[in-house]
Every structure is written in C-alpha cells, then in structure tokens.
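Only one structure is covered here, and it is reproduced in the block below.
The values are calculated or read from the model by the stated rules, or taken from the named source; none is laboratory data. Just so you know, these numbers come straight off a predicted model, no measurement behind them. Here the Cβ positions follow ideal geometry from the backbone for every residue, glycine too, while neighbour counts run over all protein chains shown.
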Amino acid sequence: MNDALHVAFPTPEMAPFLKTGGLADVSAALPKALVRLGHRVTVVVPRYGQIEPIPGELVGAVQVPLGDSARTASFYRTLTDDGVEVVFVDHPPFFDRPVPYGEYDDNRIRFAFLARAALELFRARRERPSVLHAHDWQTGLVPVYLKAAYAEDPVLRRVPSVFTIHNVAYRGQFGLDTVALLGLPWILGTPDALGLEDSVSYLKGGTLFAESVSTVSPTYALEIQGPEHGLGFERVVRSRAEAVVGILNGVDYDEWDPRVDRYVVKRYSVADAAAGKAANKADVLAAFGLAASPELPLVGVISRLVWQKGLDIVANAWWDLMRRPLRMVVLGTGEPAVQEGLAALARRDPSRFAVRFAYDESLAHRIMAGSDVFLMPSRSEPCGLTQMYALRYGTVPVVRATGGLADTVEPFAAAAGTGTGFRFEQADGTGLMWAIDRALEAFQDRAVWEGLRRRGMARDFSWERSAREYVELYRRAAEKA
C-alpha cells in the first residue's frame, strides 16, 4: 500500500447535509482530518429528500443488484471546501422519506441498497480504494458484500474493510428471510454469520466480516464485551476481540471553539474566558426568558432526551434540584415521558428552569458558551462529543463515568488541584446530586473554578490524533486482507 491512502467512506449521514446525531459530525470531521494528513477520501452517503437541492453534478448511474431484481442508483458528486469528495446515492423511492431512518418496512432493502451501491460506484469507476470504512448497521453489509459478492471482482477483490460500531444498541435486525431476499448465500443467515436472536443483524455482519472493527472510545470497546453495555451483543464483540480497537472520536475545532464560533455573542479564549462566558450567559438567560439576577451557576443540557442519556434521572430528581442554588436550561427532543418530566420541572419553577424541545444548532452553540456547567448523566455513552465541546468552551462537565465520558473527563481532585470535571458512578439520583453538589461547591471558589476551566480549555481532542490512529488501523486491515 502506498503512503497516501484512498479511503472509501460509506455512511448513513454526514453534516452539514443531514444530521440526526454524532455520526454525522464524525462523517464530516474524520474525512477532513484524513485529507489534511495527505490522504484521499470519498464519502458515500444517501441523498435524502431533506437534502435539497441535490448537491454537486450527476456523474453516472448504475444498476444495483438486490436479489432477483436491480434498481438504479444515480450518483451526484461534490467536493467540499476541505477537499473531501462526497458522492450522493440518489434513489428517491428509498431515500426521499419524511425522516431518514424511521420504522419503515423496507429498511432492510433500503440500506442493503446503500451498501451495495457504494461498492458499485467504485466498480463502475474501475477505481480500487485502499480501504472501505463503513459505519453502524446501515452500512454493515458493506464488508459482507465485499466477501460474498465481490470476492473475484477484478476491482474490489481483497479490498480491506474497517467497520465502526457507533452504538451497539442499534443492530439492524430483520427477518431470517432477508438473506434470500438480498440474494446472499443461505449460510449467511446462520448463527455463525449474520444470524442473531432468530433474525439477521447487519451490525453483526459488519462486525464479523470486516478485517478490523473499531468503536468510538477505548472504554466503550471494553464495555460492550460485557452484558451491561453489550446488551446481548457482547458475545459477537468478544468473538472478534483481537480485531476490536477503541479510537476516541475527535472534535472539529473549526466548528466548536469559542475563539471562532459564529453563533455566540462574544468570542473568547482562555485569557478572557470569564468576560466572554459572562456575556454569553446573559444571552442564554435572555433566550430562555430567565432573569439575569440573582447570580447563580447555569447548568446546560444539550441532548437527545432519552433513557440512554439519563435525562429521566434529571427529571426524577426535581425535588433535589429545586433546592439547589442553580439554574438549568435544556435543549433537545426525545421520548415523550422524558420530555414531560423535564417540562414538569420547568413548570414547578419557571424562574430557574427552562426547556426548549427542538433541534437548534445556533442555540446549542450559545448554550455551550453561556453555561457554567454541562450536564451529561448518560447510562451509556459510546463516545460523546458534547462533553469535549464543553471542555473547550470552559463549561465544566458533570458526567456519569461510562464510555467516552470516562475517557475524556478527568475527575476533579481538590487537594492536588487537578481534573477537568466531575464524574459519578451510579446512574441514579443519588450519584447525580452528589456530583452536582461537588460542582456547586467548587463554583463558590473563583480560583478553583478558574483552574477547572483553564485545564479543560487546554485539552486537545482534535481529529488529527484520531485520524492518525485510523490510518494505522487501515494499514493493519490491509495486511489482514
């Protein structure tokens, strides 16, 4: 393999074109970092109906075989300002839907189509990538198809693949008849292959058939080999333990840095963090209709409001929270029960608690800059990006010690004067309030708090570090192939 790689990067979403979660940020930032290191990257992503107008130019179309039939995939190509090639797979019957994923009856066909269309793109170009890097269950069939359908193809034969598990809870499980429907050998439906719990799993396919498997933090790579976080998938991961590596996601500091943030009312750095955060705090309080005085620490929450993220713990701790000297603002959408619990907290004391059930990129940046504390009580967090954003913004994180949260937030030690935030072990109200109380105590000492801010803002979670680790992983995958 030459020093410069050509990384093919099939993914179900990519910012800024479409974003439902952190995968979209990874799909934008990691390719950009790889290009900066001198490599070439081609991202292959669906052209969802929400992406209008179609970016780029039409560069061709192919017939994508699916079982006994074939469907047409049109390809539109654009080049980002950072030099990343993005190819959109256009097939409106599959991707022009009200929401990108959803509980659609044909999800197994839609994303099998995406996986195979990505491979057919390079076959049609007669262009052999150095490695295929697929992501989550939606592209889990890429490594499977490589070996089952392209083992003798003159272009794609023995191309190595890397598969990243971003969240093991989503496995892409479908009926056992899926294997025949896709025209794959029947043996792939057995427990030794894609078979999982009387179904077939696209996540399992990617995990078993890729040369190398990555997760998005070192701790998560270990956690999903046990029952608490593996959620029934742990045996699959353990079967590939020698091939599994945890590589921490990075932060795109072009987008998330208070020195350059285009959304905040006052930009700031370590040198003028106190003044900058004061101005942005006033802005956030005004945006949520909260009074500027008396002076209280502001706790920010930016999250999907779901059980996994532990926001029900926050809602259920309303009695304790109302008795603490703090304010809290919440931004996000999610499960109705969690939203209602947080809305009830805001109704109990609207002078100190406020919620906004929406996705708002601008407001997310403003909350990050204006909050004193960032709360992330996740039951499970494969990596998490927002706690790393918070550190750069001098917003001290309070997190549960799991996954990437444990890897990125160093617990505060008063005696040693070290640490960047506060961690708690048990995912319950007692653990949550213990950590919040420690943060409130530290907030009262200006020197202690400034030390926490300064150390957090100095942490470097840039993508270049992670990209170099991925390059090494790509090279090891090529050796295996």
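Could we say that P382 is in contact (Cβ under 8 Å) with a residue 40 or more places away in the chain and part of a strand (DSSP E or B) here? Steps first, answer last, please.
On the way: in contact (Cβ under 8 Å) with a residue 40 or more places away in the chain: yes; part of a strand (DSSP E or B): no.
So P382 does not fit the description; no.
Go over the candidates A8, A33, A4 one by one and state the one that is over 17 Å from T139 (Cβ atoms), in contact with a helix residue (DSSP H, G or I) (Cβ under 9 Å, 6 or more places away or on another chain) and either not β-branched (V, I, T) or not assigned by TED's automatic domain parsing to the domain that holds D96 (or both). If you could, list the steps in order and put the result at the bottom.
Working: A8 fails: over 17 Å from T139 (Cβ atoms); A4 fails: in contact with a helix residue (DSSP H, G or I) (Cβ under 9 Å, 6 or more places away or on another chain).
Exactly one residue qualifies, and that residue is A33.
If I ask for residues that are surrounded by fewer than 16 Cβ atoms within 10 Å (Cβ to Cβ) and closer than 25 Å to G206 by Cβ, which ones from segment 241-284 would you list?
Selection gives A241, E242.
Residues to consider are L391, L405, L342; find the one that is modelled with pLDDT of 95 or more, over 15 Å from G456 (Cα atoms) and part of a helix (DSSP H, G or I).
Working: L391 fails: over 15 Å from G456 (Cα atoms); L405 fails: over 15 Å from G456 (Cα atoms).
After ruling out the rest, the residue left standing is L342.
Specify which of the listed residues (L452, L440, L473) is outside the structural domain of L298 (by TED's automatic domain parsing) and either surrounded by 15 or more Cβ atoms within 10 Å (Cβ to Cβ) or at positive phi (or both). Before the answer, list the steps.
Values: L452 fails: outside the structural domain of L298 (by TED's automatic domain parsing); L440 fails: outside the structural domain of L298 (by TED's automatic domain parsing).
Residue meeting the stated conditions: L473.
Keeping to segment 250-297, report how many residues are in contact with a Leu (Cβ under 7 Å, 6 or more places away or on another chain), modelled with pLDDT of 95 or more and assigned to a loop (DSSP other than H, G, I, E, B).
Residues flagged as in contact with a Leu (Cβ under 7 Å, 6 or more places away or on another chain), modelled with pLDDT of 95 or more and assigned to a loop (DSSP other than H, G, I, E, B) within segment 250-297 amount to 2.
Any chance segment 307-323 includes a residue that's assigned by TED's automatic domain parsing to the domain that holds C383, surrounded by 14 or more Cβ atoms within 10 Å (Cβ to Cβ), in contact (Cβ under 8 Å) with a residue 12 or more places away in the chain and not in a helix (DSSP H, G or I)?
yes
To keep it simple, each residue is scored yes or no on (1) at positive phi; (2) out of contact with any Lys or Arg (no Cβ under 9 Å at 6 or more places or on another chain); (3) surrounded by 16 or more Cβ atoms within 10 Å (Cβ to Cβ).
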residue: F9; (1), (2), (3): no, yes, yes
residue: P16; (1), (2), (3): no, yes, no
residue: A33; (1), (2), (3): no, no, yes
residue: G38; (1), (2), (3): yes, yes, no
residue: V44; (1), (2), (3): no, yes, yes
residue: G49; (1), (2), (3): no, no, no
residue: E52; (1), (2), (3): no, yes, no
residue: V64; (1), (2), (3): no, no, yes
residue: A70; (1), (2), (3): no, yes, no
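Out of all the residues in segment 259-266, is one or more outside the structural domain of S217 (by TED's automatic domain parsing) and more than 18 Å from E361 (Cβ to Cβ)?
At the first step, the residues of segment 259-266 found to be outside the structural domain of S217 (by TED's automatic domain parsing) are 259-266.
Narrowing further to those that are more than 18 Å from E361 (Cβ to Cβ): 259, 266.
Yes: one or more hits.
Out of segment 416-430, which residues are among the hydrophobic types (A, V, I, L, M, F, W, C) and assigned to a loop (DSSP other than H, G, I, E, B)?
Restricting attention to segment 416-430, the residues satisfying the condition of being among the hydrophobic types (A, V, I, L, M, F, W, C) are 416, 422, 424, 427.
Within segment 416-430, A416, A427 meet the criteria.
Please give the helices (runs of 4 or more DSSP H) falling wholly within segment 124-223 in which 1 or more residues are of a type in the set (K, R), buried (at least 24 other Cβ atoms within 10 Å of the Cβ) and in contact with a helix residue (DSSP H, G or I) (Cβ under 7 Å, 6 or more places away or on another chain). Before you say what the answer is, go through the steps one by one.
Numbers: elements: 141-148, 178-181, 202-209, 218-223.
The helices (runs of 4 or more DSSP H) meeting that bar are 202-209.
(1) without any contact (Cβ under 8 Å) to a residue 60 or more places away in the chain; (2) closer than 28 Å to A343 by Cβ; (3) in contact with an Asp or Glu (Cβ under 9 Å, 6 or more places away or on another chain): which one isn't true of A435, the others all being true?
Every listed condition holds for A435 apart from (3).
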